[in-house]
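The values are calculated or read from the model by the stated rules, or taken from the named source; none is laboratory data. Keep in mind that this is a model prediction, so the values were computed, not measured. Positions of Cβ are generated from backbone atoms using ideal geometry, with glycine treated the same way; all protein chains shown enter the neighbour counts. Just the protein is used for accessible areas: all its heavy atoms, side chains included, with ligands, DNA and RNA removed. Shrake-Rupley method; radii C 1.70, N 1.55, O 1.52, S 1.80 Å.
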Amino acid sequence: MTAELVRGQNHPLSQSRLEIRISAGTPVAAAAALSDENGRIHGTEWVAHPGAPVQPGLEVSRQAAADHRLAVDLDAMTDAVHRVSVLLALPAANGGAGPARFGAVAAPFVAVTGLDGTEVASYTITGLDLESAVVALELYRRQGAWKVRAVGQGYAGGLAELFADQGLSEAAQLAAGIDEAVARGLARSVQAPPPRTSEGDRSRQAAAPAVGPDQGVAPQGAPGPVPPAYGGQPAGGQGQGGPQPAYGGATGPHASSGGGPVNYSHPRRQTSAPPPPPPAAPPAQPGQPTQPVAGDATGWSMEERLYNQVWGMFEDLARTAAAYRSAVDFAESRMDKELEQALSDPRSRIGGQGDAAREAARARYTQLVDQARASLDRDVAQLVAESEVVEPALPPAFARWDNPCWHAYRVPMEIPMALRLGDLRLPEAESIRIPMLLRLPLERGLWIDSGRTDSLNGSFTDSHDMRRLAMDTAVAHAARLLAVYPAGEFTVHVVDPAGSGVQALALLTQTGVLAGPPAQGAAGVTEVLARLTQRVDLVQMALRGGAPDALPPGFDTSQQLLIVNDFPHGFDDRAVNQLRYLVDEGPSVGVHLMMVADREESAGYGPLLDPLWRALLRLTPVPDDHLADPWVGHAWTYEPPAVPHGSEVLRKVLTQVAEARRTWNR
């Protein structure tokens, strides 16, 4: 059972070989410092950092990243070492790109795990503001035994101040060396997209995924804001063109002996010149805004250009809404100050002079707010015009279910860059909806929350209707995933212990796109979880052994999705542990989870399941403003994908998918 620590709390460690897993939501540099019983660092050789990543019993990452895994062997520590402090620092604090203080990003999460991935203790570092470096936690020796303590001590002066506080005389020089090493690592990590062939040879290749476990962080070294925590990259981001790491076959870069990405082009085929520039907008009339054009962002293909354009629209809406809110806050603050000044003089509290001062303050407030609203309306109108051009041009993976492109649907031959999970909007701009795109392949599971919720339009939805809507939403998401993958490259399993989802699942069962009938009862749950757990183990062993092609004959190398309905009904303790294992280890080897559940119904497990819910991307079957944007502080309203009432588009699409799978298996 994982111990979820708060600041100052400790927990015993029963293992000597550990991993420290860090999830920061933005690229950070990770280091580890060794110190004596008084907490003093005796020299720079006592610090493992990106410039010197290996020390006795320690190994850290060589560059900044949103996620880190630090290796620790406590038995290899000398007797002089009594503490191991895990340190995090923001590269931007010393001139890099991205945020310069931890208060501007999501709270970093640190977990101590065994080598098998089992969490021993975890700590979410909250309460940070101006700090750019932080001591996350420390492993310390007490009476011959090791413990972990949550620290969360931040330093506004960065690593130099942190090292100086721990008694290191060369603090400034070491901090500068770490900054230089991080800068070199970031420069190496951002590369131009690989050259494209003249025929556009992208067949059966996946686009590179977004970085990070919450799917909401920028690529390493990329400047500027990023989309919210549900995933994606900003417009113009790096890394969209490279092949996706895979767990088997020749489609993964790990299959090459040199460790670099596989070159899919023919050895004698001449590579083409860089991609042509995006289409230019027609000249605007004097005094009129430029007419929008679909695909006017950068990219190697129209799909990539549209993807970047959508995220550009997201960023534009986020910025203009943030500017409007800031202007309104300023106007309110100014009016309050002016009214306070007017009322502070007893002579002006009554009579015409006081009334005139109050009216003038309110008039200035109204003028500022009206100016801000006019600017917001102008920007939103431009975004609406752009959306009206972009939406019809979107490919099926990005399009709504009512888009005509679905009527001309054909099973694709390549994996798209991303998948549309719904729409996003803000209360200040009800007329514009931004497609919510999630990069493929999935890096997190999905949780369709069937809990009792009041919808934003004021109507009440009872628990029975919420469960039905949640299953309908899960089926729509699964249908889209099946539709955008090539035939035979995506497999769906269903666990429905009580059979409550039979009606919603009928579309999947009748069209024959499932791997087998939905598993029911405790025995069905056990059988499916055991099979998928064994699959994860086999693929991991093959990868660790450097033999991804040595899997058993007939092994299904497609991406796997498990839909779980009505959790925790039908799950015993062993099944719960297997489910947590699939959530933690499955995505890296192509096994993904879609939970349809009410978290309150599993409250009996206590904090045991908190890491499970935290690892999943929460979606709702009704509009809900639960998606947080840490960059500008917005709470985005998520709207699930709506299939037009009475439409047969899902059935027609799934019928084609089933026929393509039968043809592919012959």
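Ordering Arg334, Arg149 from largest to smallest accessible area (1.4 angstrom probe), what's the sequence?
On the way: Arg334 90, Arg149 60 Å².
Sorted by accessible area, descending: Arg334, Arg149.
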According to a simple spin-label model (label point 7 Å from Cα along Cα-to-Cβ), what is the distance in nm between Met541 and Ala628?
4.1 nm
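Write down, largest first, the equivalent ellipsoid semi-axes of the range 296-340 in whole Å, where each equals the square root of 5 times an eigenvalue of the alpha-carbon gyration tensor. Each step should come with its number before you reach the end.
Details: eigenvalues 317, 6, 3 Å².
Computed over the range 296-340, the values are 40, 5, 4 Å.
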Pop out the ³J(HN,Hα) list for the range 374-386 in order, Karplus 6.51 cos²θ - 1.76 cosθ + 1.60 with θ = phi - 60°, rounded to Hz; leave Gly and Pro as x.
5, 5, 5, 4, 5, 5, 5, 4, 5, 5, 4, 4, 5
Inter-label distance, nm, simple model (7 Å from Cα along the C-beta direction), Ser344/Ala156
2.6 nm
Bins of 5 Å from zero: percent of alpha-carbon pairs in the range 516-666:
1, 7, 13, 15, 16, 17, 15, 10, 5, 1, 0
Would you calculate the separation in nanometres between label points at Lys147 and Val6, each defined as 7 Å from the Cα along the Cα-to-beta-carbon direction?
1.7 nm
Rounded to whole Å, sorted largest first: equivalent-ellipsoid semi-axes of the range 392-519, Cα gyration tensor:
24, 23, 13
FRET efficiency estimate (nearest 0.05) - Cβ-Cβ, Glu527 to Glu648, R0 45 angstrom:
0.85
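Between Arg378 and Ser169, what is 0.36 nm times their sequence separation minus the Cα-Cα distance? Round to one decimal in nm. It would help to have the intermediate numbers written out before the result.
Numbers: separation 209, 0.36 × 209 = 75.24 nm, distance 5.62 nm.
Stretched fully, the Arg378-Ser169 segment lengthens by 69.6 nm.
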Area accessible to solvent at Thr118, 1.4 Å probe radius, in Å²
80 Å²
To the nearest Å, what is the center-to-center distance of the range 505-579 and the range 19-34, using C-alpha atoms only?
32 Å
For the range 412-428 and the range 369-390, what is the centre-to-centre distance using only Cα atoms, to the nearest Å?
22 Å
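Let's test the formula: R0 of 25 Å, r as the Cβ-Cβ distance of Ala498 and Trp613. What FRET efficiency results, to the nearest 0.05?
On the way: r = 21 Å, r/R0 = 0.84.
For R0 = 25 Å, the calculated efficiency reads 0.75.
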Gain upon complete extension [Trp664, Ala176; 0.36 nm per residue less C-alpha separation]:
170.0 nm
Virtual paramagnetic centre 7 Å along Cα→Cβ of Asp36, amide N under 18 Å, in the range 56-95
77-85
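What full-extension length gain, to one decimal in nm, is calculated for Arg101 and Ala550 as 0.36 nm per residue of separation minus the Cα-Cα distance? Working shown, then result.
Details: separation 449, 0.36 × 449 = 161.64 nm, distance 4.65 nm.
The Arg101-Ala550 span can extend by a further 157.0 nm.
Just check the range 321-379 against the gyration tensor rule for me: Cα atoms, a ≥ b ≥ c as the square roots of the eigenvalues, rounded for a/c under 1.5, and otherwise prolate or oblate depending on whether a/b exceeds b/c.
Working: a/c = 7.16, a/b = 2.59, b/c = 2.76.
The shape class here is oblate.
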